[in-house]
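Q: Have a look at this one before I ask anything.
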Amino acid sequence: MTDRLTIPLPDDMHLHLRDGAMLKAVTPATAAHFGRAIIMPNLVPPVVTGAEAAEYRARILDALPDGNPFEPLMTLYLTETTDPDDVAAAAESGLIHALKLYPAGATTNSASGVRDFAKVQGVLERMAEIGLPLCVHGEVTDAEIDIFDREAVFIDRVLDPIRRRTPGLKVVMEHVTTSNGIDYIASVEQGLAGTITTHHLIINRNHILAGGIRPHYYCLPVAKREEHRKALLAAATSGDPRYFSGTDSAPHVDAAKESGCGCAGCFTAPNTLSCLAEVFEGAGALDKLEGFVSRFGADFYGLPVASETLTLEKGAPLEQPKSLETGDGPVTVFDPGFPLHWRVIRD
Ligand code: DOR
Ligand code: ZN
């Protein structure tokens, strides 16, 4: 039985680090296990310009433990007034690696997102020209669409039309949560990929709602039925390079989660790799973990696979940290609901 697995240092292709005290508290958790991460720009106010991304990047580097070589891969928040020249310059300089599309109102801090997609067509065409990927939060926001259907409807009404009118645009469908999303990605040969989060491989909607409401499992897109979780698991463990890991680790202080109107987000950064090793082992696909966390994302973004390695070692159940103290208050760490046996060793 395999009890040690050495892989290139993983990348987290979808991560929220926040700012201020929270940034200082959570950044070391990711930097301990990942070499790079695609950094989400949904701060308040959002990271819209190249100059803002450069400043945010400096604050992230400042939050790293001394000597840690973690590389933040910056993104810009796409708005209806985004300047294509600023985007091109930030991409050309190597500062940014993607733009993030939030439909206005879809999720945490998405108020500045896109309402009228015609207004961003010029930017999308420029991105296609220069090969800069668009990361998409794939949910419609219309009040009349059921929250469990918002991803599937988004594909038909928004994502597919965008892709058709913008040939060559590279798109990442972020945090896919449905078999509809998996099927859509599988139907496209090139230029479309999907990130899958750790928590969506583990929980379904019962975990959030059955036997009492569990706010720490609430995230967006919300976890769906078990059949969808199974489709995500099959995709993640398939070895198909179109699916790769993006944790969407999204810390909120407990007071904001355990509330009458709780925030969306699961904080998975500290135990993501241990969770994923357990999940892939359970699926009989431990050999597919390396592609999912260390290779396919880098390939999609045109980055070299890390030369540094990391080892996962199986042993007695790990002591799982329940929560992380931050200057803003405690943040609960994602509880997978099963013991974790895979320890992360930085080689
Ligand atoms: O659960 C989520 N949390 N989904 C998102 O899309 C945003 C994120 C956040 O920023 O808290
Ligand atoms: Zn996110």
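Q: Return the sequence-ordered ³J(HN,Hα) values of segment 50-65 in whole Hz as given by the Karplus equation 6.51 cos²θ - 1.76 cosθ + 1.60 applied to θ = phi - 60°, using x for Gly and Pro.
A: Those phi angles translate into x, 4, 5, 5, 5, 5, 5, 4, 5, 5, 5, 4, 5, 8, 7, x Hz.
Q: Could you give the dipole magnitude of the chain about its Cα centre, charging the beta-carbon of Lys and Arg +1 and that of Asp and Glu -1, in debye to the nearest 20?
A: 380
Q: Place the peptides 9-15, 241-247 in order of packing, highest mean first, counting for every residue the other Cβ atoms within 10 Å and averaging per peptide.
A: Ranked by mean Cβ neighbours within 10 Å, highest first: 9-15, 241-247.
Q: Rank by packing, highest mean first: peptides 334-341, 91-98, 63-70, with packing defined as the count of other Cβ atoms within 10 Å averaged across residues.
A: The densest-packed peptide leads the list: 91-98, 334-341, 63-70.
Q: Would you calculate, for the chain, the mean residue ellipticity at 222 nm contributed by helices, counting each DSSP H stretch of 4 or more residues as -39,500 (n - 2.57) and dividing by all residues, to the nearest 500?
A: Result for the chain: -8000 deg cm²/dmol, rounded to the nearest 500.
Q: Which of V87, G138, V114 sits farthest toward the positive end of the charge dipole of the chain, with +1 on the Cβ of Lys and Arg and -1 on the Cβ of Asp and Glu?
A: Towards the positive end, the residue furthest out is G138.
Q: Express the C-alpha Rg of segment 1-73 as a ratio against the empirical globular expectation 2.2 N^0.38 Å, rounded to two decimals. Please list the in-between numbers first.
A: Numbers: Rg = 13.7 Å, N = 73, 2.2 N^0.38 = 11.2 Å.
For segment 1-73, the normalised Cα radius of gyration is 1.22.
Q: Among P65, W342, A210, whose Cα projects farthest towards the positive end of the dipole of the chain, with charges put on the beta-carbon of Lys, Arg (+1) and Asp, Glu (-1)?
A: A210
Q: Normalised by the residues of segment 13-86, what does the relative contact order come to in percent, with Cα pairs under 8 Å and at least six apart?
A: For segment 13-86, the relative contact order is 38 percent.
Q: Same structure, new question: Where a ≥ b ≥ c are the square roots of the eigenvalues of the C-alpha gyration tensor, would you call segment 59-174 rounded, which needs a/c under 1.5, or, failing that, prolate if a/b is larger than b/c, or oblate? Before the final figure, lay out each step's value.
A: Values: a/c = 2.14, a/b = 1.41, b/c = 1.52.
It is oblate, given that a/c is not under 1.5 and a/b is not larger than b/c.
Q: When a/c reaches 1.5 or more, the comparison of a/b and b/c decides; with that in mind, is segment 4-346 rounded, prolate or oblate per its Cα gyration tensor?
A: Values: a/c = 1.30, a/b = 1.22, b/c = 1.07.
Judged from the Cα gyration tensor, segment 4-346 comes out rounded (a/c under 1.5).
Bear in mind these aren't lab numbers, they're just calculated from the coordinates by the rules spelled out. In this text, all values refer to a predicted model and were calculated from it rather than measured experimentally. Note: ideal-geometry Cβ built from the backbone for every residue, glycine included; neighbour counts use all protein chains shown.
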